[in-house]
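Below is one structure, written out as structure tokens; the observations come after it.
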Amino acid sequence: MKAAILEKITNLKENKRPLKMVELPQPVIGDGEILVRISVCGVCHTELDEIEGRTPPPRLPVILGHQAVGIVVERGKFASRFAIGDRVGIGWINSACGRCPACLAENENLCVDFKATGRDTPGGYAQYLAISENFAFAIPDFFSDTQAAPLLCAGAIGYRSLRLANLMDGQRLGLTGFGASAHLVLKMVRYRYPHTEIFVFARNKDEQSFARDLGAVWAGDTNEESPEKLHAIIDTTPVWKPVVEALKNLEPAGRLIINAIRKEETDKDYLLRLDYGRHFWLEKEIKSVANVTCRDIREFLDLAAQIPIKPEVEEYPLEEVNRALAELKEGHIRGAKVLKIS
Ligand SMILES: [Zn+2]
Ligand SMILES: [Zn+2]
């Protein structure tokens, strides 16, 4: 099968071709697994973190990619949830122990044995993928394969971020960073919390106008003061400046949700600008979002079909994965990037 592999950790500023196209044998499935022929796979910011070593794969080479959509073509002896020919999606969550307190409380994202697709196990930048049937998800008919792919990570983790924001309808929400996840959150909020006003912080003027087009009441630069204080802000940026700048815009007891697997080191000194009175005082909170649970993916796919949310996507052939990654790194984002595989 065709696959794009990462052979070594590298710096994307110097290396514009971090992934290599290769031919690999088709994966062999275990008893509880299904074999999926992949049609498309979304490109996520987490791939940049893997390539640059902020969340390094434990073994190299590895096939990246964790927003895969495809068709079940083979089932293991004990796999019965899906029929041959069913369409399924695969997300970042690849497996968890299933027995620990976190797993039993449906927080498999916090399990110490949490494994991620495309980091700890082979991912979706390939023609075939083997996965436990318990970690594959039926895709509502409403979506095309390309539309469904970004829902599996950007969408599901956006859904989790919003759950953790504890928002009530009518409270004001901020979004700092306006990429794939944030634009899906915006659509979700407009449906679930119709009286909530959304304020967007983004460096890029295009992103600001994209946010206004989608219904944000205000959009400005990362360091601007919002016209009103906000009850919660979701940060989807890879850096520190937006964290510091967001805190000043929170209401008392407001909560900042950081949706990033790792932050880059480049502007870490920005944290020295933290002022206790201006940024933390009055019971403000910061909470990170870790991974994603099966429940998040399941519930979000249903919600997205109900609303409905059709993400804005940009397509690339698998062979051009390096161009997709470079454009993501440079911040050329208008919607989500998806690789066409077969
Ligand atoms: Zn992702
Ligand atoms: Zn567990």
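I'd like the FRET efficiency for Lys20 and Arg192, computed as 1/(1 + (r/R0)^6) with the beta carbon distance as r and R0 of 30 Å, rounded to 0.05.
0.10
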Task: DSSP-defined beta bridges in the chain - what % are antiparallel, rounded to 5 - done: 55 percent
Task: Inter-label distance, nm, simple model (7 Å from Cα along the C-beta direction), Ile9/Leu272 - done: 2.6 nm
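What is the packing order of peptides 238-244, 336-342, taking the mean over residues of other C-beta atoms within 10 Å and listing the highest first?
Final packing ranking: 336-342, 238-244.
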TODO: Report the local net charge at Thr146: Lys and Arg +1, Asp and Glu -1, summed over other residues whose C-beta lies under 13 Å from its C-beta.
DONE: 0
Open item on the list: Charges on Cβ only, +1 for Lys and Arg, -1 for Asp and Glu, centred on the Cα centroid of the chain; of Ala336, Tyr191, Cys153, which one is farthest towards the dipole's positive end?
Closed with: Cys153
Open item on the list: With just the Cα atoms defining each centre, how far is the range 316-338 from the range 203-248? Give it in Å.
Closed with: 23 Å
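Over the chain, calculate the relative contact order: mean separation of alpha carbon pairs under 8 Å at least 6 apart, over the residue count, as a percent.
Answer for the chain is 20 percent.
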Open item on the list: Let me understand the range 5-144 better: what is its radius of gyration from the alpha carbons, and its Dmax, in angstrom?
Closed with: 15.4, 47
Task: Summed residue charge, Cβ within 13 Å of Glu133's Cβ, Lys/Arg positive, Asp/Glu negative - done: -1
- [ ] For the range 92-193, just the Cα set please: Rg and Dmax, both in angstrom.
- [x] 15.6, 45
Open item on the list: Rounded to two decimal places and with Rh computed the Kirkwood way over Cα pairs, what is Rg over Rh for the range 32-101?
Closed with: 1.03
Open item on the list: Please check: in the Gaussian network model of the chain (C-alpha springs, under 10 Å), which one of Leu48, Leu247, Leu271 has the largest mean-square fluctuation.
Closed with: Leu271
- [ ] Given the peptides 280-287, 292-299, arrange them by the average over their residues of other C-beta atoms within 10 Å, most packed first.
- [x] 292-299, 280-287
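Among 141-149, 71-79, how do they line up from the highest to the lowest mean number of other beta-carbon atoms within 10 Å?
141-149, 71-79
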Task: Relative contact order for the range 1-142, counting Cα pairs under 8 Å that sit 6 or more residues apart, in percent - done: 30 percent
TODO: Would you please calculate the Kirkwood hydrodynamic radius of the chain over all C-alpha pairs and express it in Å, rounded to one decimal?
DONE: 20.3 Å
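Just so you know, all these numbers are worked out from the coordinates, no wet-lab data involved. Just so we're clear, the structure is a prediction, and the values are computed from it rather than from any experiment. Cβ coordinates were reconstructed from backbone atoms using ideal geometry, including for glycine residues, and neighbour counts include every protein chain displayed.
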